[in-house]
Structures are given as C-alpha cells and as structure tokens.
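Engineer: First the structure, which I've put down as structure tokens, then a few questions once you've had a look.
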Amino acid sequence: MRSAKGDQRGFTLLELLFVLGIVAVVLVLASARIRPSVGAELSIVEASESLALNLARARNASVRQGVITSYSLDIEDRSFYGLNDSVSHRYRPEIDVRARVARDDQVIRGVATFRFWPDGSSTGGEVVFENDGVRYVVRVDWLTGAVAVARGESEVS
C-alpha cells in the first residue's frame, strides 16, 4: 500500500511468511525442550506423570473396548510399558522405585502389573518414585480404577 508521498505501509506476503517461519522454528524448539524425546530417560516428575497417563489410558481402553487390559512396570529394567505400546518408557537410574500391587499381581522378577476391567475397576496399588528426598506416588484405586499422582506420602513401606 502506497500513500500519496510514495512510502510503503503494511507488510509484503514474503515478510509475513518469513516471520511465520521463524515462529514455527521457535515453537518446534520449545516443544522439544518441554517433551522428552523418544528413548530419553525420564526425570522423577516425567516418570510419575507418564506412568499415570499411561495407566489411565489402559483403563480407558479397557472400558471402551470391553476387555481386560494390563500395564506393567519393570523395576529392574527401569521401564514401563503396556501390551500395545510400541515403545517402553525408561526412567533415570538414580530414581528409586517401589511398587505395591494386588496379591494376584505380586511383583514377580521385578515387574509390577496393574490390570483394568471393562467396568473401570482395577487391581489397584501404587508406585513410589523417589530421588534425593523427593517422592512422587502414582496411585490406582481398585474400586474405580482412577489414577492419581501425588507428591509426598506413600502407603508403601
């Protein structure tokens, strides 16, 4: 747009595309810093939140599909995975982990398994992630199958 004096006002399409390109690059870089990359070892917060999210997904899949689903935490391998996961989620070696699950799903060979039924209920239990005095607890309610993450107290000794 030109005024009567001949100077330009506004932006050209090329300038707008250039600015949008810069914004896109910044957003990609920012999202890479926020979300851990595949194969990266998770921090205590990332591990507890990721486990809780995946347990909730397993419960929802069970209800939606009308089948029993399982989700497992391998304490010795420092990873957790479900039956349909294409990738396991690994947490850092300095994180201490303890789990309490239902008697039928006892921690065997370092693997704790949670099962969810089509009505939403589950075997229940909890997983404690601890490092340098910081503790995060992932709880699964046996009656409702609800999954929650809390910082602090645990029922696991």
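The values are calculated or read from the model by the stated rules, or taken from the named source; none is laboratory data. In this text the structure is predicted, and so the values were computed from the model without any measurement. FYI the Cβ positions are ideal-geometry reconstructions off the backbone, even for glycines, and counts take in every protein chain you see. Keep in mind that these areas ignore ligands, DNA and RNA; they rest on the heavy atoms of the full protein, side chains included. Shrake-Rupley method; radii C 1.70, N 1.55, O 1.52, S 1.80 Å.
Engineer: Go through the residues of the stretch 113-129 one by one and say whether even a single one is part of a loop (DSSP other than H, G, I, E, B) and modelled with pLDDT under 90.
Structural biologist: No; the residues of the stretch 113-129 include none that is part of a loop (DSSP other than H, G, I, E, B) and modelled with pLDDT under 90.
Engineer: Confirm whether Arg135 is in a strand (DSSP E or B), modelled with pLDDT of 90 or more, more than 14 Å from Leu51 (Cα to Cα) and not aromatic (Phe, Trp, Tyr).
Structural biologist: Judged against the criteria, Arg135 is a match.
Engineer: Do we find that Leu16 is surrounded by 10 or more Cβ atoms within 10 Å (Cβ to Cβ), at negative phi, aliphatic (A, V, I, L, M) and modelled with pLDDT under 85 in this structure?
Structural biologist: Considered against the rule, which asks whether it is surrounded by 10 or more Cβ atoms within 10 Å (Cβ to Cβ), at negative phi, aliphatic (A, V, I, L, M) and modelled with pLDDT under 85, Leu16 comes out as yes.
Engineer: Right, next: For the stretch 88-102, what are the residues that are part of a strand (DSSP E or B) and either open to solvent by less than 80 Å² (accessible area, probe 1.4 Å) or in contact with a Gly (Cβ under 7 Å, 6 or more places away or on another chain) (or both)?
Structural biologist: Scanning the stretch 88-102 gives His89, Arg90, Tyr91, Val97, Arg98, Ala99, Arg100, Val101.
Engineer: Residue check, Glu76 against (1) part of a loop (DSSP other than H, G, I, E, B); (2) open to solvent by 100 Å² or more (accessible area, probe 1.4 Å); (3) modelled with pLDDT under 80, all met but one. Which one?
Structural biologist: So Glu76 meets the others, but not (3).
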